[in-house]
Amino acid sequence: MSIYAVKTTASQERTVADMIMTREEDDIHAALAPDSLTSYVMVEAEDDAILSRVLEEIPHARSIVPGESGIGEVEHFLSPTPDVEGIAEGDIVELVAGPFKGEKAQVQRIDEGKDQVTVELYEATVPIPVTVRGDQIRVLDSDER
């Protein structure tokens, strides 16, 4: 059992993956269309002959990339990256959601387990620590750059 890369039409990756899985072929086990991989779908199948036969009937599926991949090469697509990744203490951020939307703040603490960031608002007269989800902020200026 191997993992094959299938070339697709741009922006049709999810459609192709869905169509491959609706074929209910016993020798095709999974199809993965990661957002970070444009124009390709990863398919786990017994061999490429079966996959080639299935792809003939699927629009937007172009070809199979020669060669096989192992699970190690696609593993990083399977685990989600936390929203707080790439944010460091001391970074200047802008809140993009919630009651303080549009406010600038400085990162005080990062809780990767909960995917939360504690920030201190800039324009506040009294420094107030506010805890927000990692997807509610955008980094403006980082100390590491």
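Annotations for the structure displayed:
- Charge dipole magnitude, Cβ of K and R +1, D and E -1 - the chain, Cα centre, debye nearest 20: 560
- Other residues within the sphere of radius under 13 Å centred on the Cβ of Thr131, judged by their own Cβ, net out at 0 (K and R +1, D and E -1).
- Listed residues Leu121, Phe77, Gln108: farthest to the positive end of the dipole of the chain (Cβ charges): Leu121
- Remark: accessible surface ordering of Asp27, Asp18 (largest first) is Asp18, Asp27, probe radius 1.4 Å.
- Rounded to the nearest 10 square angstrom, Lys114 shows an accessible area of 140 square angstrom against a 1.4 Å probe.
- When Val54, Val139 are compared by accessible area at a 1.4 angstrom probe, the order from most to least is Val139, Val54.
- Per principal axis, descending, Cα span of segment 33-145 in whole Å: 68, 27, 26
- Computed lengthening from Asp35 to Glu85, 0.36 nm per intervening residue step minus Cα-Cα distance: 16.3 nm
- Solvent exposure, largest accessible area first (probe 1.4 Å, DNA, RNA and ligands not counted), of Ser69, Ser11, Ser63: Ser11, Ser63, Ser69
The values are calculated or read from the model by the stated rules, or taken from the named source; none is laboratory data. What you see is a predicted model, and the numbers here were worked out from it, not measured in a lab. Neighbour counts are summed over all protein chains in view; Cβ atoms, including those assigned to glycine, are modelled from backbone coordinates with ideal geometry. All accessible areas refer to the heavy atoms of the entire protein, side chains included, with ligands and DNA or RNA removed. Shrake-Rupley method; radii C 1.70, N 1.55, O 1.52, S 1.80 Å.
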